[in-house]
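Here the structure comes first, spelled out in structure tokens, and everything after it is commentary.
The values are calculated or read from the model by the stated rules, or taken from the named source; none is laboratory data. Source: prediction; values computed, not measured. Cβ: placed from backbone, ideal geometry, glycine included. Neighbour counts: every protein chain shown. In case anyone asks, the SASA skips ligands and DNA or RNA and just uses the protein heavy atoms, side chains included. Shrake-Rupley method; radii C 1.70, N 1.55, O 1.52, S 1.80 Å.
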Amino acid sequence: MFTDRRDAGEQLATLLEERGVDADIVLAVPRGGLPVGRVVADRLDAPLDIVVAKKMGAPQNPELAIGAVGADGSAWVNDGIVENLSVSEEYVERERERQAEAAREKAETYRGGRPTPDLSGRRVLVVDDGIATGATIIACLRQVRNDDAAHVTLAAPVGSPTSVERLRAEADEVVCVDTPPGFGAVGEFYRRFDQVSDEQARSYLDE
């Protein structure tokens, strides 16, 4: 159980140090990943930036994820759900383009005119406040891969054991403080899990 995202970041940073994980840059997943990522970046003495992905929603049910897409268009599609719902290829492509544009706009807003970091040949640490289904995380990791990162580590305070195991195929290394068998939702493992506003989230990048 974590007190809040700062405490989670401290515990995660300690585990990363114990495992000898080093990073040239830390990329947090907004919004909840930024307070965690800020702590981790400071402890590892690495710059902090963001990696953004958006969920692709099902037809007539946008809350149901059929996949996710990164700001660069890197996508992961849940083929099982797409097949079960008989979602057309045309719909998937339209939704991919729409959400990729939304992710790009979000990234630009957060960076406030700062350039997108060059990840080529760098050791990249992707941080979020927790891993539930892992859909958006997969899109984030594929985006980092496509930017030619030399080594990609995914780190989170807590995660679903099933999702964490699946993500090992997407990253070179996955570090998680806790993977409880009774995982339900990320917020269950925080005493305080307030929503992080865009303004608050951006402030962590400015520190």
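A few notes on this one:
- Of the residues D4, D22, the single one that is in contact with a strand residue (DSSP E or B) (Cβ under 7 Å, 6 or more places away or on another chain) and either over 26 Å from S120 (Cα atoms) or buried (at least 23 other Cβ atoms within 10 Å of the Cβ) (or both) is D4.
- In the set (1) under 16 Å from the mean Cα position of the chain (by Cα); (2) of a type outside the set (D, E, K, R); (3) under 30 Å from R192 (Cα atoms), the condition left unmet by G112 is number (1).
- Tally of residues being touching a residue at least 40 places away in the same chain (Cβ under 8 Å), open to solvent by 50 Å² or more (accessible area, probe 1.4 Å), over 16 Å from A132 (Cα atoms) and of a type outside the set (D, E) across the range 149-194: 2
- For the range 119-144, the set of residues classified as surrounded by fewer than 17 Cβ atoms within 10 Å (Cβ to Cβ) and at pLDDT 95 or above consists of S120, G121, listed by residue number.
- So D172, is it touching a Pro at 6+ places or on another chain (Cβ under 7 Å) and modelled with pLDDT of 95 or more: no
- Scanning the range 49-72 for residues that are in contact with an Asp or Glu (Cβ under 8 Å, 6 or more places away or on another chain) and open to solvent by 10 Å² or more (accessible area, probe 1.4 Å) gives a single hit, D72.
- Enumeration of residues in the range 73-118 that are closer than 16 Å to N61 by Cα, touching a residue at least 24 places away in the same chain (Cβ under 8 Å) and open to solvent by less than 40 Å² (accessible area, probe 1.4 Å): V87, V92, E95, Q99
- Selection status of Q99, in contact with a Gly (Cβ under 9 Å, 6 or more places away or on another chain) and of a type outside the set (A, V, I, L, M, F, W, C): yes
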